[in-house]
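The next block holds one structure in the form of structure tokens; read it before the comments.
The values are calculated or read from the model by the stated rules, or taken from the named source; none is laboratory data. Since we're looking at a predicted model, the values are computed, not measured. For neighbour counting, all protein chains shown are included, and Cβ atoms are generated from backbone atoms with ideal geometry for every residue, glycine included. Side chains are part of the model used for accessible areas, which takes the heavy atoms of the whole protein and leaves out ligands, DNA and RNA. Shrake-Rupley method; radii C 1.70, N 1.55, O 1.52, S 1.80 Å.
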Amino acid sequence: MLSGGSRALQHLSDYHHHHHTSIGLGLGFCGAKIVQLSSHFLKPSRGQLSHKLRHRMISSSGFHYRTSGETPILHNCFSQRKDDPELPADESTPVSGGIVALGKFDALHVGHRELAIQASRVGTPYLLSFVGMAEVFGWEPRAPIVAKCDRKRVLTSWDSYCGNKAPVEYEIEFASVRHLTPRQFVEKLSKELRVCGVVAGENYRFGYKASGDASELVRLCEEYGIGAYIITSVMDKKQDSEQRDSGDSKDRGQVSSTRVRQALAAGDMSYVSELLGRAHRLILQVNCTGDKQSERRISVPRSSVLNLPPGNGIYKACLVLADDEPSVPCRVVVDSSYIHVETEELLLCNSDLAQEFLSVEFG
């Protein structure tokens with residue numbers, strides 16, 4: 001079940017009103033500069049969370065809160081369940097005792113990273129991902145933002161942010177949770193998956209037809225003896241109002257996978273890097289016997305691209321990458337049919353870089 005699966009979606013359509021809605025988290029932007037924000041328990045906003053609820057979040061949801069400037073410490077969440085006949089002491093799952101981040105993880109952007117950071121501060125971090133949603137809803141297939149084979153690399157790169165505890169993805173078949181009420185979903189987390197805690201953004205919705213919100217998540221987690229940590233939304237403060245308008249009625253300016261897709265389509269790779277917290281990496285499946293290859297140019301049909309390329313155009317500040325090999329500057333041309341990679345320093349098809357897959361990063 002441990003996997004870096006693609007389209008790691010969490011709460012869409014029946015489960016979340018629309019598959020473009022995303023969760024805001026605890027990092028923000030200031031122009032082109034990424035600004036790390038200290039994460040706080042969610043303050044009441046727009047009447048969403050009362051003082052009593054905030055108190056429950058801090059002192060009653062499985063966390064000790066020592067001082068206002070310190071990170072909560074998680075109880076042993078199983079200590080209070082010793083006498084529960086439904087929970088045999090020797091029964092465990094891959095996420096037993098862990099802290100699961102709840103979100104839509106297609107892009108693995110800076111907001112998702114902040115979820116992982118908060119989870120790592122109170123336990124072993126996991127990203128809880130749902131798979132099989134496209135099949136359930138009959139969605140048209142679309143390329144993921146992060147190639148499935150590249151997700152582990154991205155999560156590993158978060159290691160230093162997460163106290164040397166890089167998060168691991170845990171997948172659940174969406175069909176198995178599609179019709180669960182909010183209570184049933186939290187019960188599954190507690191009694192079946194046996195997690196110790198959850199981390200979510202303030203805009204998080206869950207349960208059948210997205211009927212549960214962050215307040216209900218905290219309440220239910222308290223009832224089931226699970227720690228709940230809600231963090232404030234990550235806002236995309238880029239000043240381009242047109243790019244800020246995603247066309248999603250639920251988008252109030254949060255960093256989101258939808259915004260990453262829009263920035264990629266516009267070819268704004270600097271903006272993409274800000275949203276992701278890293279350069280976008282494109283994974284290409286290479287066939288060096290094709291008639292469109294030359295010594296310093298390789299052309300890959302779009303059908304052989306493992307994740308989402310930027311919009312049509314010419315991209316000069318790129319690098320060809322491979323494990324244990326120095327990166328090589330390259331130029332990428334994207335058109336409606338092919339991705340063309342050109343370099344002046346390397347015979348692409350004769351190198352170790354292009355035996356089967358080619359990785360290209362956009363500066």
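Of the residues making up region 151-165, those that are in contact (Cβ under 8 Å) with a residue 40 or more places away in the chain, more than 13 Å from Leu115 (Cβ to Cβ) and part of a loop (DSSP other than H, G, I, E, B) are Gly163, Lys165. Scanning region 293-315 for residues that are of a type in the set (Val, Ile, Thr) and in contact (Cβ under 8 Å) with a residue 24 or more places away in the chain returns Ile298, Val300, Val305. Here Ala119 fits the description: assigned to a helix (DSSP H, G or I), surrounded by 18 or more Cβ atoms within 10 Å (Cβ to Cβ) and within 19 Å of the chain's Cα centre (by Cα). Which numbered condition in (1) touching a Ser or Thr at 6+ places or on another chain (Cβ under 9 Å); (2) modelled with pLDDT under 95 is the only one that Ile117 fails? Here Ile117 meets the rest and fails (2). I'm trying to understand the selection: among the residues of region 137-150, which are touching a helix residue (DSSP H, G or I) at 6+ places or on another chain (Cβ under 8 Å) and in contact (Cβ under 8 Å) with a residue 60 or more places away in the chain? Once the filter is applied, which keeps residues that are touching a helix residue (DSSP H, G or I) at 6+ places or on another chain (Cβ under 8 Å) and in contact (Cβ under 8 Å) with a residue 60 or more places away in the chain, region 137-150 yields Trp139, Ile145, Val146. Each residue in region 169-187 was checked for being open to solvent by 10 Å² or more (accessible area, probe 1.4 Å), touching a residue at least 60 places away in the same chain (Cβ under 8 Å) and among the acidic types (Asp, Glu), and 1 pass. Scanning region 313-320 for any residue that is open to solvent by less than 50 Å² (accessible area, probe 1.4 Å), modelled with pLDDT of 95 or more and farther than 18 Å from Ala147 by Cβ turns up at least one such residue. One residue stands out among those in region 348-363 that are of a type outside the set (Asp, Glu) and open to solvent by 60 Å² or more (accessible area, probe 1.4 Å): the one that is modelled with the lowest pLDDT, which is Gln355.
Counting only residues that are out of contact with any His (no Cβ under 7 Å at 6 or more places or on another chain), in a helix (DSSP H, G or I) and surrounded by fewer than 18 Cβ atoms within 10 Å (Cβ to Cβ), region 188-214 holds 4 of them. Among the residues of this structure, Val136 does not count as one that is crowded, with 19+ Cβ neighbours inside 10 Å, over 12 Å from the mean Cα position of the chain (by Cα) and farther than 21 Å from Leu275 by Cα.
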